[in-house]
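The values are calculated or read from the model by the stated rules, or taken from the named source; none is laboratory data. None of these values were measured; they are calculated from a predicted model. Here the Cβ is made from the backbone with ideal geometry for all residues, glycine too, and neighbour counts use every protein chain on show.
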Amino acid sequence: MDDVEITDVEEENSPFLVEKAPLDNQDLSSVSLLVGELLSQYGWYLLVGTVVVYLLIQYLSKRISSRSSSSSPEQTLQDAALVAKRQEGMEASRMKMQQELDAKAVIFKEKQRQQEEEKRRQKIELWESMQPGRSFKSGKTSRTTEEADSSTTASKPKSDKKPLRSEDYNPLTGQGGSSCAWRPGRRAPSSGG
């Protein structure tokens, strides 16, 4: 069986037979062969790369067009007017707040001045009440009560006055002057050495 030889027979009248024309330029055939080989091995990578490059170009063109449209003279004039209007509004609100603060400061200073005046007046009244011949009274009593007290004391002789406390009263000893009471000592330990 080794002697069998297989040969192809070309039939001239076959409907499937296609005649190939000889290529005029052999360099193009090697290039097309190389391109076909590259596409078969790296086709998907090349497709993804071209899509990425296309999207990048679209993004950059949109960004450049937005910059050029925003830098148009009409747009810059509108932006400048808007910024100036905002600054004027902020300045007006600052002035208003400053005026309110100044008004509050004036009111506060007036209250402080009135309080100082009231304190000064009370000190003067206290000093006047402490003059020799007068009794010590708080600064809140009026002069009419002081004058009434002074007129009643002037009409009565001083010897007729009854003392409020007994002569032997000592505030350091307790309630009565003649009684003495025992007090226990401190409970703290001695600090001697």
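General remarks:
- Of the residues in region 111-129, at least one is of a type in the set (A, V, I, L, M, F, W, C) and in contact (Cβ under 8 Å) with a residue 12 or more places away in the chain.
- Sole residue being of a type in the set (A, V, I, L, M), modelled with pLDDT under 90 and on the phi < 0 side of the Ramachandran plot, chosen from Ile57, Ile64: Ile64
- Residue match in region 31-45 (condition: hydrophobic (A, V, I, L, M, F, W, C), at pLDDT below 90, in a loop (DSSP other than H, G, I, E, B) and in contact with a helix residue (DSSP H, G or I) (Cβ under 9 Å, 6 or more places away or on another chain)): no
- For Arg186, the test of being part of a loop (DSSP other than H, G, I, E, B), modelled with pLDDT of 70 or more and exposed (fewer than 10 other Cβ atoms within 10 Å of the Cβ) is passed.
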